[in-house]
């Protein structure tokens, strides 16, 4: 278990994670979104961009 935790901490550090919660949406780091609604809007915007690119 220790190896898994150490690996996770190392991976997070290499990605610039400095605290929790931290999320990545399409490779963009989102730290502690203000609310569930704000986070949902970020995700919806990413989906819209992805759908535009796919067309």
Could we say that residue 28 is surrounded by fewer than 10 Cβ atoms within 10 Å (Cβ to Cβ) and under 11 Å from the mean Cα position of the chain (by Cα) here? yes
Taking the range 28-55 as the region of interest, how many residues are part of a loop (DSSP other than H, G, I, E, B), out of contact with any helix residue (DSSP H, G or I) (no Cβ under 9 Å at 6 or more places or on another chain) and at pLDDT below 90? 3
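The values are calculated or read from the model by the stated rules, or taken from the named source; none is laboratory data. Just so it is clear, the model here is predicted, and its values are computed rather than measured. Ideal geometry is used to build each Cβ from the backbone, glycine not excepted, and the neighbour counts take in all protein chains shown.
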